[in-house]
Each structure stands twice: as C-alpha cells, then as structure tokens.
Amino acid sequence: MQREEAESIAVSALAFIASDDRLLPRFLSLTGIEANQIRTAAAEPGFLTGVLQFILAHEPTLLRFSEESGLAPERVARAPAALPHGNASYDIQP
C-alpha cells in the first residue's frame, strides 16, 4: 500500500471518529489532545497512524468503520505500515 492511500484511509477514519459522539471523547482522552487541536495534531508524524491504531484496537469499531467506508478490515489493518511510526502492534503510541 502506498502512503497516499494509507493517509486517505486514516483521514476517513478520523472523520468517522469525529462524527461519533461516543468515539470522539474516548479518542481525545487516549491521545491527550483537545478537539480544537486535531487539525494541528493531524500534521504531526505518527498522528494518522495513531488514528488507525485506535480503530484497529477495537474490533466492533473496525467493523463499523469498514462497513461505513466500504473498506475491507484487512485493508485498514495494512494502512499503518505505510505511515510514519506505523507498526503491526496496533498499540496507540503516546
């Protein structure tokens, strides 16, 4: 997978999180950022990887995102490896 495609998947995942009243507060709490800092944080290396790791860490969330986005869960799972600080552990990086 190319970096541009992985970034596109991650941006879609971020929009998915931001549109969910239950996921957004949890994401913000785990990342330690505030809602008004998302745009700035998104430009930081590793942020989009963290977004994908958040989605991948909870199978029901992954399956819901996959269904809504039309992306196979396996495709979402491959995306972090194409991004800065990506790895296969799917742990959210501090």
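Quick rundown of the values:
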| read-out | value |
| --- | --- |
| Test result for Thr40, at pLDDT below 95, of a type in the set (S, T, N, Q) and in contact with a helix residue (DSSP H, G or I) (Cβ under 8 Å, 6 or more places away or on another chain) | no |
| Residues of region 53-66 that turn out to be modelled with pLDDT under 95 and touching a Pro at 6+ places or on another chain (Cβ under 7 Å), as a count | 1 |
| Selection count, region 1-51, where residues are assigned to a helix (DSSP H, G or I), within 17 Å of Val76 (Cβ to Cβ), of a type outside the set (Val, Ile, Thr) and in contact (Cβ under 8 Å) with a residue 60 or more places away in the chain | 6 |
| Tabulated pairs, region 52-76, first without any contact (Cβ under 8 Å) to a residue 12 or more places away in the chain and surrounded by fewer than 20 Cβ atoms within 10 Å (Cβ to Cβ), second of a type in the set (Ser, Thr, Tyr) and part of a helix (DSSP H, G or I), C-beta under 6 angstrom, 6+ apart or interchain | Pro73/Ser66 |
| Restricting region 1-16 to residues that are aliphatic (A, V, I, L, M) and surrounded by fewer than 19 Cβ atoms within 10 Å (Cβ to Cβ), the residue that is nearest to the chain's Cα centre (by Cα) | Val11 |
| Yes/no for Ala43 being under 22 Å from Arg3 (Cα atoms) and not basic (Lys, Arg) | yes |
| Selection within region 34-51 - of a type in the set (S, T, N, Q) and surrounded by 12 or more Cβ atoms within 10 Å (Cβ to Cβ) | Gln37, Thr49 |
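The values are calculated or read from the model by the stated rules, or taken from the named source; none is laboratory data. As the structure is a computational prediction, the values presented were derived from the model and not from experiment. Quick reminder, even Gly has a Cβ in these numbers, built from the backbone with ideal geometry, and neighbours come from all protein chains shown.
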